[in-house]
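For reference, the structure is listed below as structure tokens.
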Amino acid sequence: AKLAQDWGYDEVNINCGCPSERVQKGSFGACLMSEPALVADCIKAMRDAVDIPVTVKHRIGIDKIENYDFVRDFVGTVSEAGTNVFIVHTRNAWLKGLSPKENREIPPLKREFAYQLKKDFPELIFVINGVIQDLGQAEEQLKFVDGVMVGRAAYNTPWLLSDVDDRIYGDSHEPITREKVIEVMTEYLKTVGSDQRAVRAVCRHMHGLLTGLAGAKAWRRTLSDSAAIEHEGSNILNYAYAKAGWSDIERYWDADDDNFG
Ligand SMILES: Cc1cc2nc3c(=O)[nH]c(=O)nc-3n(C[C@H](O)[C@H](O)[C@H](O)COP(=O)(O)O)c2cc1C
């Protein structure tokens with residue numbers, strides 16, 4: 001928690017949701033849900049160590065425990081340690097027999113458990129998580145809980161968050177464009193310099209920018225091409241955008257082709 005604070009993070013979160021075997025061997029993640037008193041102790045120690053908020057991320061049960069009382073008692077015990085924010089991935093974690101990926105897909109979603117938690121602990125803040133796919137679905141959930149966490153959809157289709165400030169927070173400003181994102185990230189890439197591994201890492205996490213648009217495949221392919229990355233350096237995003245058929249230069253040439261070709 002101290003390290004997180006020193007690195008400048010706004011919040012530190014204890015993981016009571018990850019089902020992976022490696023994490024279980026380290027005695028953290030979802031297996032902590034069976035030890036709420038221990039989690040409460042951890043929260044107290046973390047709160048003593050830092051000033052930033054300490055929050056909890058958890059599931060609604062582990063293995064075959066299907067009754068609501070389990071998660072209600074977990075939240076009740078842990079909240080006594082002084083934390084008030086609970087991020088609930090509203091499905092069980094099956095600690096044996098499923099991979100982490102399957103554990104994000106197979107145990108059934110039960111959002112009503114999060115709604116019930118909010119009713120039982122109205123003074124606590126509940127953030128719902130699990131297969132929220134767009135802002136419309138997020139708005140629907142906000143009728144029942146205090147917040148929404150979007151995981152995979154935000155990563156795979158980051159553009160779905162482009163009007164979040166306006167729609168959810170009422171903070172309207174000029175709409176952002178993909179070109180602006182590319183411009184800002186290009187400036188960031190310049191600070192990364194010639195460290196190819198870092199440039200490749202930035203490129204990997206830009207794959208989703210064109211999801212759903214024509215040229216998305218060429219964009220991803222170019223951003224996975226080590227030779228292109230090495231050759232283009234910090235210009236790689238502009239280059240990939242052109243390869244995807246989106247840059248102004250590319251469109252100019254396309255128009256020319258139409259006129260004269
Ligand atoms: C690649 C990957 C890594 C994740 N790592 C963490 C993690 O370190 N801590 C955590 O609490 N959840 C982690 N999660 C789970 C997500 O926070 C989230 O609970 C899960 O993806 C369900 O939300 P979604 O359906 O919106 O994706 C991870 C998910 C993915 C796909």
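Values in this text are rule-based calculations from the coordinates and carry no lab data. Worth saying up front: this structure is predicted, and the values here are computed from it rather than measured. Positions of Cβ are backbone-derived with ideal geometry, glycine not excepted, and every protein chain shown enters the neighbour counts.
Tell me whether region 159-166 contains one or more residues that are out of contact with any strand residue (DSSP E or B) (no Cβ under 9 Å at 6 or more places or on another chain), closer than 18 Å to residue 57 by Cα and of a type in the set (Val, Ile, Thr). I'd like the intermediate steps shown before the answer.
Pass one, region 159-166, residues out of contact with any strand residue (DSSP E or B) (no Cβ under 9 Å at 6 or more places or on another chain): 159-166.
Now restrict to residues that are closer than 18 Å to residue 57 by Cα: none.
Checked against the condition, which is being out of contact with any strand residue (DSSP E or B) (no Cβ under 9 Å at 6 or more places or on another chain), closer than 18 Å to residue 57 by Cα and of a type in the set (Val, Ile, Thr), region 159-166 yields no hits at all.
State whether the residues of region 108-122 include one that is part of a loop (DSSP other than H, G, I, E, B) and among the acidic types (Asp, Glu). No: zero hits.
Residue count for region 165-188, restricted to those that are exposed (fewer than 15 other Cβ atoms within 10 Å of the Cβ) and either within 18 Å of the chain's Cα centre (by Cα) or within 16 Å of the ligand (Cβ to nearest atom) (or both): 1. Residues that are near the ligand (Cβ under 9 Å from one of its atoms) and either in contact (Cβ under 8 Å) with a residue 40 or more places away in the chain or touching an Asp or Glu at 6+ places or on another chain (Cβ under 8 Å) (or both) within region 124-150 comprise 129, 130, 149, listed in sequence order. If the condition is being under 23 Å from the mean Cα position of the chain (by Cα), away from the ligand (no atom under 13 Å from the Cβ), of a type in the set (D, E, K, R) and not in a helix (DSSP H, G or I), then region 1-56 contributes only 10.
For region 72-92, the criterion of a residue being under 19 Å from residue 129 (Cα atoms) and surrounded by fewer than 16 Cβ atoms within 10 Å (Cβ to Cβ) is satisfied by at least one position. State the number of residues belonging to region 40-61 that are in contact with a helix residue (DSSP H, G or I) (Cβ under 7 Å, 6 or more places away or on another chain) and free of Cβ contacts under 8 Å to residues at least 40 places away in the same chain. Going through region 40-61 one residue at a time, the tally reaches 1.
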